[in-house]
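One structure below.
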Amino acid sequence: MSIAFTFPGQGSQAVGMGKVLADAYPEAKAVFEEVDEALGQKLSDVMWNGPEADLTLTANAQPALMTVSLATMRVLESKGLDLAGSVSFVAGHSLGEYSALAAAGAFDVATAARLLRVRGDAMQNAVPVGQGAMAALLGLDFEAAQEVAREAAQGEVCQAANDNAPGQVVVSGHVAAVERAIDIAKAKGARRALLLPVSAPFHCSLMAPAADAMAEALAGADIKAPKVPLIANVLAQPVSDTDEIRKRLVEQVTGTVRWRESIEWLASEGVDTFVEVGTGKVLTGMVKRIAKETTGIAVNSPEDIDALIEKLNG
């Protein structure tokens, strides 16, 4: 069994996330307390009690998702998980890349939380509200979706932001350009094309101010070599060098999340088991569509944790 741990991105958040873990395990509770202290905010209260509108704010959702993933990791480690001994690679979807790096020991939890707060604020503030949008194009392959984006741009920004799975691509850019992309995609045979309920146009060139903010924040961050290689979103290839990790995290803000290619690369390297660590099962669903012969496991409850430890020890 060759294993990759994956870490979810924005959209997987839900009120109540991580509460069961914090109540069941002191190791998990300690992670929530670390993040609250690092941010000078009771983020755990927003995560567990809402309101949902506050949790969904980019500046809250990003560190919140990382917190649950790292709390889950701490519990797994307390039960005997040796990441370097059991897992071949880590990967994360967009902000999940920070969770993956923290899980692999490249960042401590407080550093990851502070970086994600900067990232969330910078991404939210990069484009005035109402000027950007994102849309899911379903039923077109990546090359066709890229062509749709190029055709829709017409002097504005419209780019392929997420290559999530076969026939599931997200485009991002100016509102009018993204709306044109929806119409063009439908004309080209997309099964569905719809606007997404997001607060900013992530992973396109409009995010350049946020990339600059992250370059500054990452330059001052203490980063160690991860215990296992990270599959970088922008490369769909492994990275371990700390300077390259910094560079790729900056590029990721404006670049395409190459998730489909990342999973295909991992499967080609013999990974047969993908473990999604944290909240929800979004990535597990994508893996099933990308690499049908592999096994996907979502770990976000005490029962899931025990089942994974038993499988690893089996």
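The values are calculated or read from the model by the stated rules, or taken from the named source; none is laboratory data. Everything numeric here is computed off the predicted structure, so don't read it as measured data. Please note: Cβ atoms are built from the backbone with ideal geometry, for glycine as well, and neighbour counts cover all protein chains shown. Protein only, heavy atoms only, side chains kept; ligands, DNA and RNA dropped before computing areas. Shrake-Rupley method; radii C 1.70, N 1.55, O 1.52, S 1.80 Å.
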Determine the sum of side-chain charges near P128: Lys and Arg each +1, Asp and Glu each -1, restricted to other residues whose C-beta is under 15 angstrom from that of P128.
-> -2
For the stretch 176-271, the percent of accessible surface on carbon and sulfur atoms (probe 1.4 angstrom, ligands and nucleic acids excluded) is 50
Check G296: other-chain or 5+ apart residues with amide H under 5 Å from its amide H, H built from backbone geometry?
-> F274
Heavy-atom accessible area of the stretch 75-170 with neighbours in place, 1.4 angstrom probe: carbon+sulfur share in percent works out to 46
Take the chain, connect every pair of alpha-carbon atoms lying under 10 Å apart with a spring to form a Gaussian network, then pick out the residue of P51, P226, P63 with the largest mean-square fluctuation.
-> P51
Which FRET efficiency value, to the nearest 0.05, is calculated for S268 and K188 with the Förster distance at 25 angstrom and r the Cβ-Cβ distance?
-> 0.30
Paramagnetic reach from V20 (point 7 Å along Cα→Cβ, amide N under 16 Å) across the stretch 276-309 = 276-282, 297-309
Å² per residue, accessible surface of the chain at 1.4 Å | 39
Inter-centroid distance (Cα atoms) of the stretch 183-233 relative to the stretch 104-160, Å | 4
Listed by chain and number, the residues whose amide H is under 5 Å from that of L140, excluding neighbours fewer than 5 places away on the same chain and using placed H, are V169, R191
Rounded to the nearest 10 Å², the accessible area of S69 using a 1.4 Å probe with every protein chain kept is 0
